[in-house]
1. Looking at A133, A157, which is the one that is of a type in the set (G, A, S), in the same structural domain as L106 (by TED's automatic domain parsing) and over 30 Å from G104 (Cβ atoms)?
2. Please indicate, with yes or no, whether at least one residue in region 163-173 is in contact (Cβ under 8 Å) with a residue 60 or more places away in the chain, in contact with a helix residue (DSSP H, G or I) (Cβ under 6 Å, 6 or more places away or on another chain) and part of a loop (DSSP other than H, G, I, E, B).
3. What tally of residues in region 28-41 results from selecting those that are in contact with a helix residue (DSSP H, G or I) (Cβ under 8 Å, 6 or more places away or on another chain) and either assigned to a loop (DSSP other than H, G, I, E, B) or surrounded by 22 or more Cβ atoms within 10 Å (Cβ to Cβ) (or both)?
4. Hey, among A243, A200, A193, which residue is of a type outside the set (D, E, K, R) and either in contact with an Asp or Glu (Cβ under 7 Å, 6 or more places away or on another chain) or modelled with pLDDT of 95 or more (or both)?
5. Determine whether I52 is over 30 Å from I300 (Cβ atoms) and either outside any loop (DSSP other than H, G, I, E, B) or in contact with a helix residue (DSSP H, G or I) (Cβ under 9 Å, 6 or more places away or on another chain) (or both).
6. Within region 429-447, restricting attention to residues that are surrounded by 23 or more Cβ atoms within 10 Å (Cβ to Cβ) and not charged (D, E, K, R), which residue is nearest to the chain's Cα centre (by Cα)?
7. Looking at (1) more than 22 Å from L314 (Cα to Cα); (2) out of contact with any Cys (no Cβ under 7 Å at 6 or more places or on another chain), can you tell me which one G452 breaks?
Amino acid sequence: MFFKHIYETGLAQASYIIGCQASGEAIVIDPRRDIDIYLEIAEKEKLKITHITETHIHADFLSGTRELAAATSAQVMLSDEGGPDWQYQFDHIALKEGHSFKVGNLLFEVIHTPGHTPEHISFLLTDTARSSAPVMIFSGDFVFVGDVGRPDLLEKAAGYIGTQEIGAREMFQSLKKFKSLPDHVQVWPAHGAGSACGKALGAVPSSTVGYEKITNWALNIDDEEKFIKVLLDGQPEPPKYFAMMKKLNKTGPEILGGLPHPARLTLPQFKSALDQEIRLVDTRDKLSYAGGHICKSINIQDNAAFSTWAGWLLDYENPFILVANDNNIEELTKSLIRIGLDNIHGYISNMDSYADDCHELETVNQLTVAELERKILSEEVTVIDVRGATEFAAGHIPGAKNIHLGSLLDKKDLLEDEKEIVLNCAGGDRSSIGVSLLLSVGIKNVINLTGGFTAWQSEGKPIEKEELQEVK
């Protein structure tokens with residue numbers, strides 16, 4: 001048996017290619033949209049991708065199932081569980097609880113594991129050439145390392161009111177199936193630490209059923225009502241783009257036929273685009289952005305969180321331009337198409353020619369911890385903490401208000417009549433995005449706290465831990 005775990009750090013997303021070396025066949029589970037990696041692995045290992053499947057209709061990334069099927073002519077096998085509202089709307093072979101199929105000598109058994117979503121299935125793998133005992137379970141967003149899938153996304157992100165408690169109860173029942181599996185079975189989930197599909201995912205890529213029985217909190221609560229309360233409490237804010245991912249993954253993402261290559265814009269093309277008010281996304285690091293950026297641009301740094309914040313802040317109708325290094329544009333493009341943001345108008349690699357053409361650049365005002373403390377004492381500032389509500393509740397600057405970064409523009413009217421506005425997050429990355437958002441809509445009395453809450457805390461400043469509500 002050939003096995004490869006493929007992990008994309010930006011979305012903390014795992015996919016798998018598993019092959020039978022005797023028959024030369026292979027299956028891909030939960031593929032991402034940029035499919036070259038699966039084709040390259042299959043070619044290197046002399047395997048033919050004959051089957052493609054998914055554990056569920058994903059909300060956090062755009063599936064590569066149709067893209068990969070178009071490139072390989074492989075069979076697409078997808079869940080037919082969960083009822084009529086949760087069916088894929090493109091051609092596939094339907095899978096239900098108790099179904100099984102083989103890829104060469106590899107036997108895959110389908111287990112219906114609702115909770116995260118109604119249609120969710122998991123795959124129990126047996127390498128029949130070696131043993132009659134199962135060796136792995138591909139658990140999708142059902143069981144993670146140290147956590148289980150959140151059941152509230154359909155309600156909070158996609159607007160299906162009343163589904164989160166139903167999902168929590170289904171999860172409680174599904175976990176009984178998991179507990180019945182042999183302890184030796186390896187657990188390979190669809191996500192790792194940093195994913196918004198759970199609240200406490202472990203950083204290691206895999207586990208075993210036996211170890212999860214010992215260490216996973218969700219497998220150690222036998223009271224259903226207590227389980228539901230703990231599962232629903234403290235879940236992170238779901239990114240706004242999740243609703244679009246559910247829709248596109250259900251109906252079938254557009255087939256690209258290859259990775260797009262955004263055009264590098266000339267200065268006249270770039271200026272024309274700005275005149276048309278096409279959104280400008282500056283992907284440089286926050287310090288470079290603070291030192292000088294084009295007015296009305298927003299700063300989404302080229303780091304592990306790029307995809308997530310692009311999904312929060314960009315839309316699927318309007319084009320946008322990137323400020324990005326030539327060497328990074330391909331990876332940035334991949335990060336964007338993984339969440340369906342295909343509408344890249346083009347990019348510029350630096351702003352020297354624009355600045356040299358007599359265009360003034362805007363800067364970001366910065367404040368140290370000591371300066372902020374003095375301003376707080378003299379009541380000169382309003383402090384806005386843009387972290388998640390759970391982070392904020394665990395400790396924040398005294399008197400700070402909590403507005404999650406993803407909701408900042410929705411609540412900008414609350415800030416227009418304020419004094420100086422100081423934004424903070426944990427270390428400065430999210431607050432830099434927040435400052436850029438406010439500047440882009442004309443709120444100029446905004447300042448970034450250098451080093452964020454971490455710097456405030458490390459300098460021994462006072463901290464509030466009351467569980468204050470996010471600003472509504």
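The values are calculated or read from the model by the stated rules, or taken from the named source; none is laboratory data. The model shown is predicted, which means the values in this text are computed figures rather than measured ones. All Cβ positions, even for glycine, are placed from backbone atoms using ideal geometry, and neighbour counts span all protein chains on display.
1. None of the other options fit; the residue is A157.
2. Taking every residue of region 163-173 in turn, none turns out to be in contact (Cβ under 8 Å) with a residue 60 or more places away in the chain, in contact with a helix residue (DSSP H, G or I) (Cβ under 6 Å, 6 or more places away or on another chain) and part of a loop (DSSP other than H, G, I, E, B).
3. Result for region 28-41: 6.
4. Just a single option satisfies the conditions, and that option is A200.
5. Criteria met by I52.
6. That would be I433.
7. (2)
Here's the yes/no breakdown for (1) at pLDDT below 95; (2) within 24 Å of E420 (Cβ to Cβ):
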| residue | (1), (2) |
| --- | --- |
| E330 | no, no |
| S335 | no, no |
| I339 | no, no |
| S349 | yes, no |
| D356 | yes, no |
| T363 | no, yes |
| V369 | no, yes |
| K375 | yes, yes |
| V383 | no, yes |
